[in-house]
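The values are calculated or read from the model by the stated rules, or taken from the named source; none is laboratory data. Keep in mind it's a predicted model, so treat the numbers as computed, not measured. Cβ sites come from the backbone with ideal geometry, for glycine too, and all protein chains shown count toward neighbours.
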């Protein structure tokens, strides 16, 4: 057998071996995975695994995905693969309890008819065809959970949505959440009103109802139904002694509570517009007070101030007449990982939370209650009088007054420990004593948040156009925080930690810090420039006014006055040029750093691989040359 024949046989055997190994590994090691992503995108959390292990009966998953059509949309195709692989992970780890079916509902087929019947959302893709990308989960008694369409913007919540489907099918009984609120959350909106374009329930209402049995409570009678598991109190207004006593005894008896207070509810104030009388009424209704109970629980949420935080403040357009002028609004905050307690299950691995006109949760002196901060500002923060925001936004005024106190202020906290009743003398007049508790039977479990605007759609939801279809998607984790808190208070911990995983937005922290410093320096220069402009303008107007008076209505300037005006205008132009130069230099420094970081993250690895490959190639050539020389 010559060398040529031997080489051909070797290549053929290598190809056969390659195919055999691939087929063998595909079948034998089908469930073997190695997840090297930082967020563990392809690894189920411990909570998901526990829920899978406790699935009491078989669950059928039907994944409807128009794979052929998705080939025309690379972004949808890649996300479809991500969803499919995660569903396969559920099926692999379920010990046969979860059965996955992957269906491509081609046009005018029984599969497409079934997809429509089960609630899948068809999205036109511009070619006259419709794309399906959804999931139906059913159990043996035909309970059904549906994801009509997987939106990539909700990728961070993918595992939570899937695990919640399994959880709801396994345990249909939902904990009861009793809602006490002074907000117009439209909890009684009927499906018919929705279809007719009427009032809509807040998004947070729908989010809570997806997991809990939410019931709005009328506290006029001062009674909390016995089947309520958790109280959610949101911006309480006008609660009488009977209602306060009912809440007090609910907590004393071991009931859990999630409380949202507010020194100034922007949503409430906006709903009460129109006329001087209504404005005064809006101011009265914008502040909520529950101090009698909060003080007994070891904390206070004062209404005389709101928190301003430069580092986490949101940017708004303060321009007039259609002009764009972006500034920071110090009392609208976007609180990210550095402002969330990573050691508490409610806030661990949570995304940004948006708040407005937030107050402070203050720990009272000499209290035995354990107060655990959950959400807090940075050190570039201060307390501002509530009156600064009561009469409308004034971003520039807040920036002028801003002087950080160097402290971290608590926006939300968990309370635990034994407490005394807020009614030490027993029930209020007119109420029978049916077993008054003067001290909590066990450690209380209460979470207090010093803002209620965060519950409104404006601060965490946006309507997006997805291939011609309008979809509401979260832009912040406000809803997740509320569900996390209720989950934790209800005693269900398996779903905690599943939300906001796998975020694709990976900001450069150093670049953000530099940009923040640049903004602060620029705005400081801008304020100096404004003062200089005001002085110069006033001086010019004064000189021109004198000239007009001296000239009998004419515009006569002395040489000295003309020279002074010219000097002032020259100084203004010079200052503006200096300001532009400062901004340009800072932006150039930031852009240069971004370019270097992008090269290191995106270009350096391929370059390193290319260098290693070149080195190996050179080494191979040298070995072959040495071997050839040795044979000679």
One residue from 462, 431, 499 being under 26 Å from residue 121 (Cα atoms) and at pLDDT 85 or above: 462
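For the condition surrounded by fewer than 17 Cβ atoms within 10 Å (Cβ to Cβ), in the same structural domain as residue 400 (by TED's automatic domain parsing), in contact (Cβ under 8 Å) with a residue 24 or more places away in the chain and closer than 30 Å to residue 169 by Cβ, what is the one hit in 215, 209, 256? Break it down into steps so the answer makes sense when it comes.
Details: 209 fails: in contact (Cβ under 8 Å) with a residue 24 or more places away in the chain; 256 fails: surrounded by fewer than 17 Cβ atoms within 10 Å (Cβ to Cβ).
Residue meeting the stated conditions: 215.
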Positions within the range 296-345 being more than 23 Å from residue 384 (Cβ to Cβ), part of a loop (DSSP other than H, G, I, E, B) and in contact (Cβ under 8 Å) with a residue 24 or more places away in the chain, in sequence order: 297, 298, 341, 344, 345
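Would you pick out the residues in the range 330-353 that are closer than 15 Å to residue 308 by Cβ and surrounded by 22 or more Cβ atoms within 10 Å (Cβ to Cβ)?
Initially, the range 330-353 is screened for residues closer than 15 Å to residue 308 by Cβ, giving 330-335, 339.
Across the range 330-353, the qualifying residues are 330, 331, 332, 333, 335, 339.
For the range 383-469, which fully contained strands (runs of 3 or more DSSP E) count at least 3 residues that are in contact (Cβ under 8 Å) with a residue 60 or more places away in the chain, at negative phi and assigned by TED's automatic domain parsing to the domain that holds residue 359? Let's see the steps before the verdict.
Details: elements: 410-417, 444-449, 461-466.
In the range 383-469, 410-417, 444-449 are the strands (runs of 3 or more DSSP E) which contain 3 or more residues that are in contact (Cβ under 8 Å) with a residue 60 or more places away in the chain, at negative phi and assigned by TED's automatic domain parsing to the domain that holds residue 359.
Out of 360, 367, which single residue is at pLDDT below 95, part of a loop (DSSP other than H, G, I, E, B) and either in the same structural domain as residue 232 (by TED's automatic domain parsing) or crowded, with 19+ Cβ neighbours inside 10 Å (or both)? Steps first, answer last, please.
Details: 360 fails: at pLDDT below 95.
The unique qualifying residue is 367.
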Any hit, the range 133-153, residues being at pLDDT below 90 and part of a helix (DSSP H, G or I): yes
Meets criteria (part of a helix (DSSP H, G or I) and within 14 Å of residue 131 (Cβ to Cβ)) for residue 90: no
When residues of the range 65-87 are limited to those that are out of contact with any helix residue (DSSP H, G or I) (no Cβ under 8 Å at 6 or more places or on another chain) and part of a loop (DSSP other than H, G, I, E, B), the one farthest from residue 54 (Cα to Cα): 72
Failed condition for residue 275, given (1) at pLDDT below 95; (2) farther than 25 Å from residue 462 by Cβ; (3) crowded, with 19+ Cβ neighbours inside 10 Å: (3)
Failed criterion for residue 249 (all others in (1) touching a strand residue (DSSP E or B) at 6+ places or on another chain (Cβ under 8 Å); (2) outside any loop (DSSP other than H, G, I, E, B) hold): (1)
Residue count for the range 48-60, restricted to those that are crowded, with 22+ Cβ neighbours inside 10 Å and either more than 28 Å from the chain's Cα centre (by Cα) or under 14 Å from residue 140 (Cα atoms) (or both): 1
